[in-house]
Protein chains: 2
Amino acid sequence: MNISQEERDALYKVIFSRRDVRRDFLPDPIPEEVLERILRAGHHAPSVGFMQPWDFVLVQDSETKKAIKAGFEAANEESAQQFTGERQEQYRSFKLEGIMESPIGICVTCDRSRTGPVVLGRTIKPEMDLFSAVCAVQNIWLAARAENIGMGWVSIIHDDVLRSTLGIPEEIDIIGYLCLGYVSKFKDKPELESFGWLPRESLEERIHKERW
Amino acid sequence: MNISQEERDALYKVIFSRRDVRRDFLPDPIPEEVLERILRAGHHAPSVGFMQPWDFVLVQDSETKKAIKAGFEAANEESAQQFTGERQEQYRSFKLEGIMESPIGICVTCDRSRTGPVVLGRTIKPEMDLFSAVCAVQNIWLAARAENIGMGWVSIIHDDVLRSTLGIPEEIDIIGYLCLGYVSKFKDKPELESFGWLPRESLEERIHKERW
């Protein structure tokens with residue numbers, strides 16, 4: 001199947017305009033069929049040995065969100081204390097999640113024992129199954145952007161909080177908690193770049209020819 | 001920036017027609033500007049705390065490829081022995097890489113100490129930097145597909161082989177080795193599905209509402 005130049009440009013437009021969204025969420029619900037398209041994009045991520053190790057736990061209930069938000073707040077306070085001086089002040093000024101404002105939360109997990117103990121392609125590099133589930137997250141992120149839906153990945157929360165709040169079994173690994181919703185706007189640049197936290201690296205300096 | 005319905009459909013077309021390519025590579029070179037677009041897509045992946053921890057080592061030299069291929073062969077023999085009976089026979093019948101046939105190899109790495117020891121968003125979940133580099137791989141994969149270029153992720157090789165062959169420093173983590181090239185065709189389905197190794201999971205069974 002050939003991809004046309006217009007289609008190629010559309011892919012790049014989605015990739016370059018994707019943002020980690022923490023504010024500007026609108027309360028508008030995400031229609032069932034839109035959510036289903038986004039999840040299907042995740043489900044068609046590459047997976048090592050075609051094991052498709054992911055699951056998606058969808059969160060809409062505000063009591064559940066409150067428990068997750070409380071988990072974020074505790075972890076965020078713990079995190080702030082790892083920074084010092086001006087850097088800590090700046091850290092505390094950032095809004096780093098949109099758990100309550102976004103209509104849908106998705107916890108993405110990885111079942112490392114799915115399809116049995118020996119997995120084609122995971123025999124040498126055991127983390128390949130986790131990496132497959134991360135590819136599903138990135139597909140979900142891009143599909144959401146293509147639906148004009150913002151997404152933020154909440155990583156400042158202990159796995160145990162998500163596990164107990166969502167009833168995720170001990171043997172299942174937690175990859176991340178994603179917040180999705182329509183937004184009033186997508187920013188031109190990552191917030192951490194705009195706010196001077198870190199600059200965009202030069203691509204040229206990240207490319208090595210033949211050897212590091 | 002709004003994404004139109006045509007652009008959205010293009011993104012889904014790319015996601016659903018992406019394949020892990022191990023055969024059908026053509027020797028046609030990838031033009032410099034095409035490769036640059038693909039790598040820029042990788043460079044615009046999300047990254048925890050905007051740390052952009054990835055590097056890309058580009059391999060074109062056939063002597064280098066030979067060393068990597070030898071590393072694959074040893075690891076593949078080791079892997080085959082983890083399967084038994086018919087399953088082992090089937091495993092041995094698969095072509096699992098296109099290292100020599102694809103014109104470009106890309107080793108994607110993760111520099112976990114880039115931007116210092118404390119990284120915003122990695123304070124609680126230390127693997128977030130590795131996950132960021134995996135998002136770069138998935139962006140590269142989709143960008144390649146949008147350029148009608150096939151890509152395969154070679155995971156059946158020890159990190160040490162890539163490290164010594166490509167001169168990658170000890171403190172840099174290796175994420176994966178990717179093979180890229182134009183192809184005579186993209187298959188309709190993943191090979192492991194077509195060959196009956198594993199079926200496509202039902203998406204519905206992977207979705208949990210409110211709780212696992």
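In chain A, helices alone account for a calculated mean residue ellipticity at 222 nm of -12500 deg cm²/dmol, with every DSSP H run of four or more residues adding -39,500 (n - 2.57). Shielding value for B:152-158 is 5, the average number of Cβ atoms from other chains within 10 Å of each residue's Cβ.
Pairs exceeding 21 Å between alpha-carbon atoms, taken from A:Lys209/B:Lys69; A:Lys125/B:Lys187; A:Lys185/B:Lys209: A:Lys125/B:Lys187; A:Lys185/B:Lys209. For an R0 of 45 angstrom, estimate the FRET efficiency from the Cβ-Cβ distance between B:Gln82 and A:Asp188 and round to the nearest 0.05. Using R0 = 45 Å, I get an efficiency of 0.35. State whether the stretch B:20-185 is rounded, prolate or oblate according to the following rule on the C-alpha gyration tensor (a ≥ b ≥ c being the square roots of its eigenvalues): a/c under 1.5 gives rounded; otherwise a/b larger than b/c gives prolate, and the remaining case gives oblate. It comes out oblate by the Cα gyration axes. Restricted to Cα atoms, the stretch A:138-204 shows a radius of gyration and a Dmax of 15.5, 45 angstrom. Taking only the Cα atoms of the stretch B:39-109, the radius of gyration and Dmax are 16.5, 48 Å.
Rounded to the nearest 20 Debye, what is the dipole magnitude of chain A about its Cα centre when Lys and Arg each give +1 and Asp and Glu each give -1 at the C-beta? It would help to have the intermediate numbers written out before the result.
Numbers: 27 positive and 35 negative charges, 100 e Å.
So the magnitude is around 480 debye.
Mean partner shielding of peptide A:86-97, defined as the number of other chain Cβ atoms within 10 Å of each residue Cβ, is 1. Label sites at A:Ile207 and A:Phe195, each approximated as a point 7 angstrom past Cα along Cα to Cβ, lie 3.2 nm apart. When the alpha carbon gyration tensor of the stretch B:58-144 is reduced to an equivalent ellipsoid, its three semi-axes come out at 32, 20, 13 angstrom, largest first. Placing R0 at 35 angstrom, the Cβ-Cβ distance between A:Asn2 and A:Gln60 gives a FRET efficiency of 0.30 after rounding to 0.05.
Its Kirkwood hydrodynamic radius, worked out from the mean inverse distance over all distinct Cα pairs, puts the protein assembly as shown at 21.8 Å.
Return the average number of partner chain Cβ atoms within 10 angstrom of each residue Cβ along peptide A:50-61.
Details: counts 12, 3, 7, 2, 2, 6, 5, 7, 5, 4, 2, 3.
For this peptide, the per-residue mean of nearby foreign Cβ atoms is 5.
Would the stretch A:1-40 count as rounded, prolate or oblate if I go by the C-alpha gyration tensor, calling it rounded below 1.5 in a/c and otherwise prolate when a/b exceeds b/c, oblate otherwise? Spell out each step's value before the answer.
Values: a/c = 3.37, a/b = 1.53, b/c = 2.20.
Oblate, because a/c is 1.5 or more while a/b does not exceed b/c.
In the stretch B:20-185, Cα pairs under 8 Å separated by at least six residues give a relative contact order of 41 percent.
Please give the charge dipole size of the protein assembly as shown, origin at the Cα centre, charges +1 on K and R Cβ atoms and -1 on D and E Cβ atoms. Round to the nearest 20 debye.
Numbers: 54 positive and 70 negative charges, 84 e Å.
In total the dipole reaches around 400 debye.
The base-10 log of I(q)/I(0) for the stretch B:1-67, evaluated at q = 0.19, 0.23, 0.25 Å⁻¹, reads -1.19, -1.29, -1.27 [Debye formula, identical scatterers on Cα atoms, solvent excluded]. The string of couplings for the stretch B:161-174 from the Karplus curve (6.51, -1.76, 1.60, θ = phi - 60°) is 5, 5, 4, 6, 5, 9, x, 7, x, 3, 7, 9, 7, 9 Hz, one whole number per residue in order, with x for Gly and Pro.
Taken together, the values in this text are just the output of simple stated rules run on the coordinates, not laboratory data. In this text the structure is predicted, and so the values were computed from the model without any measurement. Glycine gets a Cβ as well: all are built from the backbone with ideal geometry, and neighbour counts include every protein chain shown.
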